[in-house]
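Written out below as structure tokens is the structure these notes cover.
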Amino acid sequence: LGAKVGITSILHTWGQTMEFHPHIHSIVTGGGLKNNRWVSCDKDYIFKVQVLGSLFRGKFLYYLKHEFNKLTLKDNLKDIKSFNKFLEPLYNKTWITYVEPPKGKAENVVEYVGRYSFRVAISNDRIKSVENGLVTFEYKDYKDNSKIKEMTITAEEFIRRFLLHVLPDNFTKIKHYGLLSNREKKNNIKLCKLLISKILTNEFINT
């Protein structure tokens, strides 16, 4: 678009069985600000999902290399040559990005992503029993048509999995970028509302 879009990203670290599965859920505006005017995306999506995977792969690996000196790595990856060799196969893999179809009103989108904002790794109602040093809980098996199943693990393993998702102190779980960044958000949102309302008014008059 050649415009500044807005992004809200929320870190989510677990899957249904509480194993470590870090990924982010993001809301991206369907347009952006350019020279104090609102520019909308032409079609259903602002970016082709097929291209998005390749672009994300390139950007992610570039910045991973850039931050090499700040990373805590195993001994066999601590020199830059070994690290770069380790990354080489990742450029040949297909990186999967998923764009969710529209969910109707904007409130529905915010509500959907908001579910991940302040949840913990498992809710009480999914825990079916705690006895004899074992914990049984419910999970949804996405590889088997989302069937509801039960898993039993030791209490120690349950605690280990749960603690995988306790974030460090002062860690920012929700981040805002572009026109939604904290420094400019208030004025940008006010301007966006004004510009979009003018567009909608003109469309109503023209029809």
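The values are calculated or read from the model by the stated rules, or taken from the named source; none is laboratory data. From a predicted model like this one, the values you see are computed outputs, not experimental measurements. With ideal geometry, Cβ positions are generated from the backbone for all residues, glycine too; neighbour counts draw on all protein chains shown. The area values use the complete protein model at the heavy-atom level, side chains included, leaving out ligands, DNA and RNA. Shrake-Rupley method; radii C 1.70, N 1.55, O 1.52, S 1.80 Å.
General observations
- R160-L134 pseudo-label distance in nm [points 7 Å out on the Cα-to-Cβ vector]: 1.8 nm
- The range 122-207 - percent of accessible surface contributed by carbon and sulfur, probe 1.4 Å: 54 percent
- Accessible-area composition of the range 1-99, carbon plus sulfur, in percent [1.4 Å probe]: 57 percent
- With K and R counted +1 and D and E -1, the other residues having a Cβ less than 15 Å from that of A155 yield a net charge of 0.
- Accessible area (Å², per residue) of the chain, counting only protein heavy atoms and a probe of 1.4 Å: 76 Å²
- Seen from L164, the other residues with C-beta closer than 15 Å to its C-beta sum to a net charge of +1, counting Lys and Arg as +1 and Asp and Glu as -1.
- Counting only residues at least eight positions apart within a chain, or on another chain, the lysines with an alpha carbon under 30 Å from that of K140 are K48, K93, K103, K105, K128, K149, K173, K175.
- Under the combined filter of DSSP loop state and at most 10 neighbouring Cβ atoms within 10 Å, the range 149-207 retains these chymotrypsin sites (Phe, Trp or Tyr not before Pro): F171.
- In this simple spin-label approximation, K198 and E107 carry label points 7 Å from Cα along the Cα→Cβ vector, and these lie 2.8 nm apart.
- Normalised by the number of residues in the range 78-177, the mean separation of alpha-carbon contacts (under 8 Å, six or more apart) gives a relative contact order of 16 percent.
- Radius 15 Å from Cβ of A3, net charge of other residues (Lys, Arg +1; Asp, Glu -1): +1
- Sparse-neighbourhood loop sites, chymotrypsin sites (Phe, Trp or Tyr not before Pro) in the range 37-142 - DSSP loop, at most 13 other Cβ within 10 angstrom: Y98, F118
- Along the chain, the exposed loop sites are trypsin sites (Lys or Arg not before Pro) outside DSSP states H, G, I, E and B with at most 15 other Cβ atoms within 10 Å, and the longest stretch free of them is 120-172.
- Counting only aspartates and glutamates at least 8 places from K85 when in the same chain, those with an alpha carbon closer than 20 Å to its own are E67, D75.
- The lysines within cross-link reach of K34, meaning a Cα-to-Cα straight distance under 20 Å and a gap of 8 or more places when in the same chain, are K4, K43, K185, K186, K190, K193, K198.
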